[in-house]
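Inspection log for the structure reproduced underneath, given as structure tokens.
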Amino acid sequence: MNEYYGKLVAPDDAKFAVLISRFNEFVTRRLLDGCLDELRRMGVGDGAVDVVWSPGSFEIPVLASRLAGGGEYDAVICLGAVIRGGTEHHRYVAAEATKGIAQTAMATGVPCLLGVLTCDTIEQAVERAGAKSGNKGADAARSAVETVNLIRRLPGGGK
Ligand code: INI
């Protein structure tokens, strides 16, 4: 029996894009801090990371598609914060962002990590951006490294 799993070690030549929404920046900056800190702690050098700012979470899929499709990155880590407002607008933004990120990963074969918060309140978002409930940016960074490592370890997975 062969069993495959990813280690929390980034391959030396792996490159990561961190695609982050400027909307609700007071939250997303904390996700970015958590993400970059975690990448560094897993041995990823700053030179192996490009940070790309998206206007909002709605624009993440089209930008992720460009980044993942360009052949430059081993993973695209998508960070955003969709927070319920007074209308249903947030619902459409969250649906398109999450669906588009998944579709981009499937279409390109490049892992696109879901680090987009979908919250009812600002408190919930802050809790998930480095307060009570951890940091979803750091979680996405770990999943990115684990997935990239696993892909390289799968039969035929190396570049
Ligand atoms: N963008 C977000 O990233 N989070 C939100 O909570 C949000 N809400 O609720 O409006 C949001 N809207 C902007 C959207 O992502 C687009 O940038 C905008 O609609 C222009 O296409």
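Results, tabulated for the structure shown:
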| item | result |
| --- | --- |
| Antiparallel %, DSSP beta bridges [both residues in the chain], to 5 | 5 |
| Accessible surface of the chain, 1.4 Å probe, proportion on carbon and sulfur as whole % | 52 |
| Selection from V93, A107, W53, by position along the positive dipole direction of the chain (Cβ) | A107 |
| Reachable aspartates and glutamates from K136, criterion Cα separation under 17 angstrom, eight or more residues apart if same chain | E25, D33, D37, E38, D120, E123, E127, E146 |
| Length released on extending from M106 to L154, taking residue separation times 0.36 nm less the Cα-Cα span | 15.6 nm |
| Sequence ranges 71-78, 19-26, 150-157, 130-137, ranked by mean other-Cβ count within 10 angstrom, highest first | 71-78, 19-26, 130-137, 150-157 |
| Under the span-like rule (Cα at least 20 Å along the axis, Kyte-Doolittle mean at least -1.0), DSSP H helices of the chain | 25-41, 89-108, 136-153 |
| Long-range amide H partners of V116 with built H, under 5 Å | G80 |
| Where the stretch 1-80 is the region considered: accessible area per residue in Å², 1.4 Å probe | 52 |
| Anisotropy class of the stretch 24-120 from Cα gyration tensor, a/c 1.5 cut | oblate |
| Local electrostatic count at V145 - Lys and Arg +1, Asp and Glu -1, tallied over other residues with Cβ under 14 Å | 0 |
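The values are calculated or read from the model by the stated rules, or taken from the named source; none is laboratory data. Note that the coordinates shown come from a computational prediction; the quantities given were computed from them, not determined experimentally. With ideal geometry, Cβ positions are generated from the backbone for all residues, glycine too; neighbour counts draw on all protein chains shown. The area values use the complete protein model at the heavy-atom level, side chains included, leaving out ligands, DNA and RNA. Shrake-Rupley method; radii C 1.70, N 1.55, O 1.52, S 1.80 Å.
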